[in-house]
1. Within region 221-234, track down each residue that is touching a helix residue (DSSP H, G or I) at 6+ places or on another chain (Cβ under 7 Å) and either surrounded by fewer than 18 Cβ atoms within 10 Å (Cβ to Cβ) or among the polar types (S, T, N, Q) (or both).
2. Among all residue pairs at least 6 apart or on different chains, which show Cβ distances below 9 Å where the first residue, located in region 46-70, is closer than 13 Å to Ala196 by Cβ and the second is crowded, with 22+ Cβ neighbours inside 10 Å and of a type in the set (Asp, Glu)?
3. Being at pLDDT below 85, of a type in the set (Val, Ile, Thr), buried (at least 19 other Cβ atoms within 10 Å of the Cβ) and in a helix (DSSP H, G or I), is that true of even one residue in region 207-216?
4. Criterion first (on the phi < 0 side of the Ramachandran plot and modelled with pLDDT under 85) does Phe28 satisfy it?
5. So, of the residues in region 196-206 that are among the β-branched types (Val, Ile, Thr) and more than 17 Å from the chain's Cα centre (by Cα), which turns out to be surrounded by the most Cβ atoms within 10 Å (Cβ to Cβ)?
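The values are calculated or read from the model by the stated rules, or taken from the named source; none is laboratory data. Being a predicted model, the structure only gives us computed values, none of them experimental. No Cβ is skipped: glycine too gets one built from the backbone with ideal geometry, and neighbour counts run over all protein chains shown.
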Amino acid sequence: MRSSLQLYSILSGLAAILLGIGIALSGFSGEVQEWIFLCALALWHGIYAIWFWKGKELIAFARITVVGRAFSGISYWLVLGLLPDAEGSLMILFRTYLTVQGSIDLGSAAITAFSVLQKKEADGKDRSLSLEEKNRFVFAIYMTLLSVWILADSFSFLKFFHLPPTSFSGWTAFRFGPIHILAAQIFILAIYNFTAVRFRLTPLIEAGMRGGMVTCIFFVILVLFGVLHPITLLLPGADLISVAVIFFARLRKRQ
C-alpha cells in the first residue's frame, strides 16, 4: 500500500514538473484556454503529490483513493472514446493526457485495492473535531458546491470568472471541455477531504492546508502575469480564509 501511494505521489509530482517545464519552454504561445488548462493540470498534480505522500500509510485514505482513481480512470477512457476526431494542439494534448493518466489511475487503483483488501484502519472518529478539521469540512463542502456548479452550468461559471470557453469542436449539443474534467477532480478532492475529517487523518488535514497555500500562490501569479482575470482570486479565497483563521487561532493559543 505504502509503495503504491508513494509511486502515485511521485508520478503526480513529475507530471506537475513536466507540465511546468512545457509551459515555460513554450512561452505561453497558442490559445489562452490551452495554457489555463495546462496550468490547472500542473496545480492539480502538485496537490495530489502532497496528498498521496502525506497519506501513504493511512488505510482509510488508501481505500477512498481506490474509488477516486478508479472513477477518474474509467471516466477518462469514456471521454477519450467520445471525443470527436478533430485536429489542434489542445485536442492532441487532451487525448494524450486522458490516455496516460487514465491508465495510471486504473492501474494504481487496482494495485492499492489488492494491498488494502484485508487491512483494518485505525482512526480517531471517537474524539471531537479540531479547529483544523472543522475548517477542512467546511472547505470540502465549498469544493463540492463548486464542482456541482461547474458540471451543472459551466457557461455561467466561465462567464462569471472571465474564463475562456473550453468546449471542443464537434460537441454542439453539449458544451464539453477540460473544465468538466477539472470539476470532477475538484469533487474527488472534496471526497478526500471529507474522508480526512471523518477519520481524523491529521497528516491529510495538514496536506490540505499546504495545498491551499499553493493554490493561492498559483492564482496570484497567473493574475499578475495577466493570464487570469483578478476576479478569479475569489476561487482560492476560501483557502486563504481557512489558513488565516487557523493561523490566528494558533497565535492566540501561544499567547
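1. Scanning region 221-234 gives Val223, Val227, Pro230, Thr232, Leu233.
2. Between residues of region 46-70 that are closer than 13 Å to Ala196 by Cβ and residues that are crowded, with 22+ Cβ neighbours inside 10 Å and of a type in the set (Asp, Glu), the close pairs are Gly68/Asp105.
3. Scanning region 207-216 turns up no residue that is at pLDDT below 85, of a type in the set (Val, Ile, Thr), buried (at least 19 other Cβ atoms within 10 Å of the Cβ) and in a helix (DSSP H, G or I).
4. For Phe28, the condition - on the phi < 0 side of the Ramachandran plot and modelled with pLDDT under 85 - is not met.
5. Our first condition is that a residue be among the β-branched types (Val, Ile, Thr); within region 196-206, this holds for 197, 202, 205.
Filter again for more than 17 Å from the chain's Cα centre (by Cα), leaving 197, 202.
Numbers: Val197: 24, Thr202: 15.
Among them, the one singled out is Val197.
Here's the yes/no breakdown for (1) charged (D, E, K, R); (2) closer than 19 Å to Phe160 by Cβ; (3) without any contact (Cβ under 8 Å) to a residue 40 or more places away in the chain; (4) not in a loop (DSSP other than H, G, I, E, B):
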site: Ile181; (1), (2), (3), (4): no, no, no, yes
site: Arg200; (1), (2), (3), (4): yes, no, no, no
site: Ile221; (1), (2), (3), (4): no, no, yes, yes
site: Leu228; (1), (2), (3), (4): no, yes, no, no
site: Ala244; (1), (2), (3), (4): no, no, yes, yes
